[in-house]
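The values are calculated or read from the model by the stated rules, or taken from the named source; none is laboratory data. As the structure is a computational prediction, the values presented were derived from the model and not from experiment. Note that each Cβ is placed from the backbone with ideal geometry, even for glycine, and that neighbours are counted across all protein chains shown. Each accessible area value is taken on the protein alone, full model and side chains, heavy atoms only, with ligands, DNA and RNA left out. Shrake-Rupley method; radii C 1.70, N 1.55, O 1.52, S 1.80 Å.
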Amino acid sequence: MSVINEAMTSKEMLDILVAKNMEDAREAKKRGDLVCWSSSIAPCEFTEAMGIYTVYPENHVVGIVARKGAQELLTYAESKGYSNDICGYARVNLAYMDIQKCISEELPLPDLILLCNNICETLLKWYENIAYSLNVPLLILDVPYNHDSEVSEENIKYVESQLHDMIHQLELICHKSFDYKKFEEVMEIASQNAKNWYDATALCSVKPSPLSGFDMFNYMALIVCMRGKRECGITFRKLKEELIEKIKRGECGLRGAEEKYRIMWDGIACWPYLSHTYKVLKNQGVNMTGSTYPSAWTLLYTPGNLKEMARAYTSMGNNLSLEGQINLRKRIIRETCCDGIVMHMNRSCKMCDFLQYEIGQALKNDLNIPITTFDGDQADPRNYSKAQYETRIEALVEIMSVIKQKESESK
Ligand code: SF4
C-alpha cells in the first residue's frame, strides 16, 4: 500500500517518500536484505529490478550539511589525511562510514556499491575507498568523457557492454537470476519519472516563474533517491498541477516577494548556507529560474533498450564537452529568460569549477549577459563568506537593473 495519496501536497509527498526510502533500507539491513550505496546518476534500474534497497550517500550528506552537522565529520576526515581540497560530500561520507553517527538520519552501511563516473572521477576514488574499507563489491559503470559534441558509437558500445556485464555481476552477488520483466518495468517507470521531473521544473520558463530554483533543489532529493519508483512520478505530476494553479493566480516562486529579475544558478547549491543564499536573492526580487539540474536526470530511453540507456547515461550534463556545456547553458538561459548568471565557485567540486571560467566567458560574449561569481562550498561551511556573497549579488542586481532600464527606454 502506498504511503502517499492524492489529497497530499507534493511537499508532503516529498518529505514522506524520502524518509521512507531511508527507513526501508534500515529495515532491510536488519532483516539481512541487501543494501546498496549508489552515486546520484547511476543506473538504479538494475538494483531496483533485483529488489536491492538503494540509498544515496550524496543525499545523506546534504541532510547532515543542512542540519549544520558537517563540521565534526569534516574534521574527522581531515585527521585521517583527507585534504579539504577533496569533495566535501566524500569527506563527510567517508567520516560517517567510520563513525556511523551524525546529526541526520542513520544511513545503513552497504553490502554493495554502485557507481557511474558520468558526474566526476572523484567518485571513483571515494567509492573505491568505501569498497576496500568495508570489503564489499563495487559495480562500476565506466563512462568515457565526451570530448566531441556527439557521443561516439564506440563509447556507447563500451558502456552498453558494461550494462550486460552488470546483469551477470548482480546475479552472482544476489545468488539468483536477473529479473528481466521487473527490469523493463523499472526502466519504464524511471524513464517516465525523468520526463515528469523535467515537465514540472520546465515551468520555470513562465513569467513570473511559479517555482524558485531553491525549492527545486529540495525536490531534487526525490529524483536522486526514488527515480525507479512509481511514487516519484506521482509527486512530480502533483507538483506540476500545483505550479499550473500558481501560474493561473500569477504567483511567483519567491515567498512574499515580487520577481524583478531572473538568474541562472551555475553549480551545486551552497547547502551550508542555503537559506542565506536564497534570502539575499529574494530580498532583491531575484528568482532563480535557470539551472542545469532539470536536464541532469532527464535520462530518456525506450524500456528494454540497453543501447539507448547507455547513450542516456553517457550524454548527461557533467559528461558533456566544453562546447556541449556552453550550448546546454545557452538553451537554459533562453528558455528560462534569465537576466544574469550566478556562478558558484565551489571549492569542493573540481568537476563543476574547471570549465566554469571558459563557460562564463563564452556566455558573456555570445549572450551579452552579466555574470557574477562567489566562493563557496556544497558541504564545507568554512569556504564561504556571507559578506562576499551579498556584495557580488548587489553588483549583479545593479547591472541587471541598468540593462533593464536601457531596454525599456529603447522601446
Ligand atoms: S560534488 Fe563534484 S566532486 Fe563531489 S561527487 Fe559531486 S560532482 Fe563529484
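Assorted remarks:
- Residue pairs whose Cβ atoms lie under 6 Å apart, separated by 6 or more positions or on different chains, with the first residue in segment 191-202 and within 18 Å of Pro303 (Cβ to Cβ) and part of a helix (DSSP H, G or I) and the second open to solvent by 10 Å² or more (accessible area, probe 1.4 Å) and among the basic types (Lys, Arg), are Asn196/Arg237.
- Selection of first residues in segment 395-411 that are closer than 23 Å to Phe374 by Cα and of second residues that are open to solvent by 50 Å² or more (accessible area, probe 1.4 Å), restricted to Cβ pairs under 7 Å at least 6 apart or on distinct chains, gives the following pairs, ordered by first then second residue: Val397/Gln284.
- Sole exception among (1) within 15 Å of the ligand (Cβ to nearest atom); (2) open to solvent by 50 Å² or more (accessible area, probe 1.4 Å); (3) touching a Phe, Trp or Tyr at 6+ places or on another chain (Cβ under 9 Å); (4) not acidic (Asp, Glu) for Ile99, by number: (1)
- Test: residue in segment 109-122 that is open to solvent by less than 20 Å² (accessible area, probe 1.4 Å) and more than 15 Å from the ligand (Cβ to nearest atom): yes
- The set of residues in segment 265-292 being under 13 Å from Asp215 (Cα atoms), touching a residue at least 24 places away in the same chain (Cβ under 8 Å) and open to solvent by 30 Å² or more (accessible area, probe 1.4 Å) consists of Leu274, Lys282.
- If you go through segment 65-81 and keep only what is under 18 Å from Ala19 (Cβ atoms) and surrounded by 24 or more Cβ atoms within 10 Å (Cβ to Cβ), you end up with just Val65.
- Put simply, of Ala362, Ala379, Ala387 the only residue that is on the phi < 0 side of the Ramachandran plot and open to solvent by 50 Å² or more (accessible area, probe 1.4 Å) is Ala387.
- Segment 55-84: number of residues that are within 16 Å of the ligand (Cβ to nearest atom), touching a helix residue (DSSP H, G or I) at 6+ places or on another chain (Cβ under 6 Å) and of a type in the set (Ser, Thr, Tyr): 2
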